[in-house]
Amino acid sequence: MSAASVGTDSARLRITEIFYSLQGEARTVGWPTVFIRLTGCPLRCVYCDTEYAFQGGSLMPLHDILREVSSYDPLYVTVTGGEPLGQPDCRLLLSALCDQGYKVSLETSGALSIAEVDDRVSIVMDIKTPGSGEMEKNRSENMDLLREKDEVKFVLMDRQDYEWSRDFIQRNKLDSRCDVLFSPAHNRLDATTLADWVLQDRLAVRLQLPLHKILWGDAPGH
C-alpha cells in the first residue's frame, strides 16, 4: 500500500454539514451542487453568515464523506466553510473528489495559502475588504498563484470597500489573471448602487447577487 493511500485511508475531517442545493454564486451559479461545509475558521468577518460553522461539527472519515457525496450523483461539488484550508486533510479531500470525476471548487478566504491545492480544483477566493474587519489576513502571495479558471470575490459593505477593491484589482492586475466578482454585503449595501459604481468606472468585474439568499434567506443547508 502506497504512502498516499495510507494518508487517504486515515484522513478525518470535521464536518458541519453536507447538503445538496443550487450554487448561489461564482461561475457555476444556479447549478445543482453538493456542498461540504468544513468546521472552523480563523477569521471573524463582521458580515459572516456561517458562524454556526465556527465550532462543533462531526469528525468523518474521508470514505464516508465520499459515500455521502456520491448519494446525490452530482456534477459539481463545492468545499466550503468556515475556512476549509484550516483543516490539514482538506487537500486530500479535494484531490479525492477530483479523482471521483466531480467538478470541484474550493471557497476560501485567502487567509491561508492555496499552494499545493490540487490543480484540478477551481478556487474561489474571498478577498477581505476594510469593512470586513479582517483585511490584514489577506495573503499577498496567494495572488501569484491564481489561474485563469480561478475567481476572486469581494464582498462590499460601502463606498470605501468599493474604492479599496477597485484599487486592489488594478494594483494586482487581477482582472487580467482571473474572473473578478463584486457582491454587495447582504442587507448592507444596495445592489443598484453598486451596479452604478461599476458602470461609472467601467470595471472589468462581474456583479453577482447571492442566489441562495434570494431564494432561501439565511437558512442553513442552502
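The values are calculated or read from the model by the stated rules, or taken from the named source; none is laboratory data. Just so it is clear, the model here is predicted, and its values are computed rather than measured. Note that each Cβ is placed from the backbone with ideal geometry, even for glycine, and that neighbours are counted across all protein chains shown.
Just a few scattered comments:
- Screening Lys149 against (1) touching a residue at least 12 places away in the same chain (Cβ under 8 Å); (2) over 23 Å from Val46 (Cα atoms); (3) assigned to a helix (DSSP H, G or I) leaves a single unmet condition, (3).
- Residue under evaluation Gly131, criteria (1) surrounded by 15 or more Cβ atoms within 10 Å (Cβ to Cβ); (2) in contact (Cβ under 8 Å) with a residue 40 or more places away in the chain; (3) not in a helix (DSSP H, G or I), criterion not met: (3)
- Qualifying residue in the stretch 80-97 (condition: in a strand (DSSP E or B), touching a residue at least 12 places away in the same chain (Cβ under 8 Å) and touching a strand residue (DSSP E or B) at 6+ places or on another chain (Cβ under 6 Å)): yes
- Within the stretch 24-79, the set of residues being among the small types (Gly, Ala, Ser) and outside any helix (DSSP H, G or I) comprises Gly24, Ala26, Gly30, Gly40, Gly56, Gly57, Ser58, Ser71.
- Val117 being under 30 Å from Tyr72 (Cβ atoms), part of a strand (DSSP E or B), modelled with pLDDT of 95 or more and of a type outside the set (D, E, K, R): no
- Residues satisfying the stated conditions in the stretch 165-222, i.e. closer than 22 Å to Val79 by Cβ and among the hydrophobic types (A, V, I, L, M, F, W, C): Cys178, Val180, Leu181, Leu211, Leu215, Trp216, Ala219
- Taking the stretch 187-218 as the range and being in a loop (DSSP other than H, G, I, E, B) and within 18 Å of the chain's Cα centre (by Cα) as the test, the residues that pass are Val205, Gln208, Leu209, Pro210, Asp218.
- If you go through the stretch 28-49 and keep only what is of a type outside the set (A, V, I, L, M), in contact with a strand residue (DSSP E or B) (Cβ under 7 Å, 6 or more places away or on another chain) and under 22 Å from Gln208 (Cβ atoms), you end up with Thr28, Gly30, Trp31, Pro32, Thr33, Phe35, Arg37, Tyr47.
- Here Arg37 does not qualify as surrounded by 13 or more Cβ atoms within 10 Å (Cβ to Cβ), at pLDDT below 95 and closer than 25 Å to Gly131 by Cβ.
- None of Ser113, Ser70, Ser105, Ser58 is of a type in the set (S, T, N, Q), surrounded by fewer than 17 Cβ atoms within 10 Å (Cβ to Cβ), in contact (Cβ under 8 Å) with a residue 24 or more places away in the chain and closer than 27 Å to Arg166 by Cβ except Ser113.
- For the stretch 116-131, the candidate set comprises residues that are in contact with an Asp or Glu (Cβ under 8 Å, 6 or more places away or on another chain) and not basic (Lys, Arg); within that set, the residue that is nearest to Lys149 (Cα to Cα) is Ser122.
- Top-ranked residue in the stretch 73-122 [being more than 26 Å from Cys48 (Cβ to Cβ) and among the small types (Gly, Ala, Ser); ranked as farthest from the chain's Cα centre (by Cα)]: Gly101
- Residues that are among the polar types (S, T, N, Q) and buried (at least 18 other Cβ atoms within 10 Å of the Cβ) within the stretch 152-173 comprise just one, Ser165.
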